[in-house]
Amino acid sequence: MTIAVPAPRQKAIANAELTKAIFAAFVEAVEPLIRDHLARGLRDHGAIAEALNRRGIPCWGRDRWCATDIRMVLSHAGADHDAIAGTPRRG
């Protein structure tokens, strides 16, 4: 019996797809936490990051949350995070 070993390119594509799926699950899990802070009037992404850090909520690929990570989650969740955060849109 012969087992087909995926070519390196196919393996890389499979790994990328797996990473995307895991990231999507991460966004789905943490978005409600971020929206909860926004709903309670906390608009500063840095302050939301600190709140998640205090609660021990893990961040994607980092030890600690920062404002950029909050924007990244909202962006990938399809949110209009500038409007939510009260930041006027430019352009």
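Restricting segment 53-74 to residues that are of a type in the set (Gly, Ala, Ser) and modelled with pLDDT of 95 or more leaves a set whose member that is nearest to the chain's Cα centre (by Cα) is Ala67. Exactly one residue out of Ala39, Ala14, Ala29 is surrounded by fewer than 14 Cβ atoms within 10 Å (Cβ to Cβ), modelled with pLDDT under 95 and at negative phi: that is Ala14.
The values are calculated or read from the model by the stated rules, or taken from the named source; none is laboratory data. Note that this is a predicted model, so its numbers are computed, not measured. Using ideal geometry, Cβ is built from the backbone for each residue, glycine included, and neighbour counts are taken over all protein chains shown.
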